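Participant: Here it is, the structure, as structure tokens.
The values are calculated or read from the model by the stated rules, or taken from the named source; none is laboratory data. The shown structure was predicted, so the numbers you read here are calculated from the model rather than taken from an experiment. Cβ placement follows ideal geometry from the backbone for every residue including glycine, while neighbour counts extend to all protein chains displayed. The area values use the complete protein model at the heavy-atom level, side chains included, leaving out ligands, DNA and RNA. Shrake-Rupley method; radii C 1.70, N 1.55, O 1.52, S 1.80 Å.
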Amino acid sequence: MLRDLPIFPLSTVLFPGGALPLRVFEARYVDMVSDCMRRASPFGVCLITRGGEVGEAAEHEPVGSLATIVDWDMEQPGVLQVRTRGGERFRVAARRVQADGLVRADAQPLAPEPDAAI
């Protein structure tokens, strides 16, 4: 079980092994990314089902992928440019929203999908 996993709801999907560049400027997500970098821990990315990427906490799909930060830069104060790589998939078991709007979840890792011919 992945306990207290920070979730970054986005209007895009991160697949295992995929690359996802992010421009992070909202205080809650700058703090989240900074904490993940400090602890060398991933965060979860889930597709938004209702709401937006900015403002109030958005509703999201119950399945997402772990995002590991592989590189970052700060072009201007308060704005992080982050490159992430998709990791294992997970299913959210319990979701909660902090006072600052950051979503955290307890999540169950999912088995990898078998490779399929294209």
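Participant: Given the Cα-Cα distance of R83 and T12 and 0.36 nm per residue of separation, how much length would full extension add, in nm?
Facilitator: 24.1 nm
Participant: Now for a separate question. With a 10 Å cut-off between alpha carbons and a GNM built on the chain, which of G51, G86, G64 moves the most?
Facilitator: G51
Participant: Continuing with the same structure: Taking the solvent-accessible surface of protein heavy atoms with a 1.4 Å probe, what is the per residue accessible area of the stretch 37-118 in Å²?
Facilitator: Per residue, the stretch 37-118 has an accessible area of 63 Å².
Participant: In deg cm²/dmol and to the nearest 500, what is the mean residue ellipticity at 222 nm of the chain if only DSSP H runs of at least 4 residues count, each as -39500 (n - 2.57), divided by the residue total?
Facilitator: -3500 deg cm²/dmol
Participant: Would you mind checking the radius of gyration and Dmax of the chain based on alpha-carbon positions, in Å?
Facilitator: Gyration radius and largest Cα-Cα distance of the chain: 13.8, 45 Å.
Participant: Pop out the Kirkwood hydrodynamic radius of the stretch 20-75 from its pairwise C-alpha distances, inverse of mean 1/r, in Å to one decimal.
Facilitator: 12.4 Å
Participant: Another question about this same structure. Determine which residues of the stretch 1-43 fall in the zone a paramagnetic label at D115 would reach in this model, i.e. backbone nitrogen under 18 Å from the point 7 Å along Cα→Cβ.
Facilitator: Within reach of a label on D115, which here means backbone N under 18 Å from a point 7 Å along Cα→Cβ, the stretch 1-43 contributes 15-19.
Participant: Give, in nm to one decimal, the length gained when the segment between Q108 and E61 is fully stretched (0.36 nm per residue of separation minus the Cα-Cα distance).
Facilitator: 15.5 nm
Participant: Percent of accessible area on the chain owned by carbon and sulfur, 1.4 Å probe?
Facilitator: Of the solvent-accessible surface of the chain, carbon and sulfur hold 52 percent.
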